[in-house]
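A.B. asks: Here it is: the structure, laid out below.
The values are calculated or read from the model by the stated rules, or taken from the named source; none is laboratory data. Bear in mind that the values here come from a model prediction, so they are computed numbers and not experimental data. FYI the Cβ positions are ideal-geometry reconstructions off the backbone, even for glycines, and counts take in every protein chain you see.
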Amino acid sequence: MRARVQAAVDAVPAGRYERVLLGFGLCNNGLAGGRARSTPLIVPRSHDCIGLFLGSPERYREVFEAMPGTYFLTPGWIERSEPSDELRSQTVLHRMGLDLSFEELARQYGEDNARYVMDTLAGGIGAYHRYLYIRTGCAPDHLFEAEARRRAEQRGWEFGVCDGDPAWLRQLVFGPWPADRFLEVPPGAVIRAQPADGVMRAESAGDEGANAPEAPDGASP
């Protein structure tokens with residue numbers, strides 16, 4: 001993720017824009033290490049995109065604390081959760097013959113075993129026990145909600161629905177960008193994760209050099 005976002009940032013012509021707005025949260029450190037070039041970056045102080053869909057840092061914390069073990073779904077996530085044939089052929093799971101659908105696994109091994117295999121292959125998804133679908137109003141929610149409910153039934157999980165709120169995304173686009181909700185990364189600075197309420201910080205080139213380990217005697221840094 002970081003490499004692709006960085007490539008897009010690097011492609012912005014110098015002096016053409018006042019700011020570059022990134023519609024991402026820290027996203028499991030996916031933005032950590034990203035660098036502003038000649039144009040400042042504006043980044044929402046969200047751990048991931050779920051906070052942006054919920055509308056504010058406060059609601060993000062409220063929902064996560066009230067519903068631990070919840071896996072969130074949105075229309076876009078559902079649409080893109082199945083890779084294209086081209087991408088699928090390049091995955092490790094495909095090369096190992098482990099990228100079968102739930103229905104294919106169930107036919108071969110039974111539904112209980114199919115759920116176990118999918119939970120195991122999902123990289124820790126076994127810690128979850130509930131799907132929560134976020135209505136966005138930007139898609140036929142009734143269709144995506146039905147698909148989310150179907151997935152919950154397949155896994156034997158609980159299911160719930162909540163309304164999204166575009167307020168945080170709207171503020172990202174139109175401003176202003178208060179420091180408690182957005183990080184401004186000045187030219188040359190790097191995005192670093194910050195395990196606190198700030199979520200992330202901007203580190204200048206000077207700070208980066210100061211934090212670098214010293215080179216051994218006789219070695220060039």
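A.B. asks: With the checklist (1) part of a loop (DSSP other than H, G, I, E, B); (2) under 21 Å from the mean Cα position of the chain (by Cα); (3) at pLDDT 60 or above in hand, flag the one item Gly123 doesn't pass.
C.D. replies: (3)
A.B. asks: With the structure loaded, tell me whether Ala179 is at pLDDT 90 or above and exposed (fewer than 10 other Cβ atoms within 10 Å of the Cβ) or whether it fails that test.
C.D. replies: Here the answer is yes, as Ala179 does meet what is asked.
A.B. asks: Being surrounded by fewer than 18 Cβ atoms within 10 Å (Cβ to Cβ), assigned to a helix (DSSP H, G or I) and in the same structural domain as Val190 (by TED's automatic domain parsing): is that true of Ala14 here?
C.D. replies: In short, no.
A.B. asks: Can you confirm whether Ala189 is closer than 30 Å to Ile42 by Cα and touching a strand residue (DSSP E or B) at 6+ places or on another chain (Cβ under 8 Å)?
C.D. replies: Against the criterion (closer than 30 Å to Ile42 by Cα and touching a strand residue (DSSP E or B) at 6+ places or on another chain (Cβ under 8 Å)), Ala189 qualifies.
A.B. asks: Turning to a different aspect of this structure: Would you be able to say whether some residue in segment 31-46 is touching a Ser or Thr at 6+ places or on another chain (Cβ under 6 Å), over 14 Å from Val185 (Cα atoms) and in contact (Cβ under 8 Å) with a residue 12 or more places away in the chain?
C.D. replies: Checked segment 31-46: no residue is touching a Ser or Thr at 6+ places or on another chain (Cβ under 6 Å), over 14 Å from Val185 (Cα atoms) and in contact (Cβ under 8 Å) with a residue 12 or more places away in the chain.
A.B. asks: Return the residue satisfying two criteria in turn: it lies in segment 70-92 and is part of a helix (DSSP H, G or I) and over 19 Å from Asp163 (Cβ atoms), and of such residues it is modelled with the lowest pLDDT.
C.D. replies: By that ranking, first place goes to Leu87.
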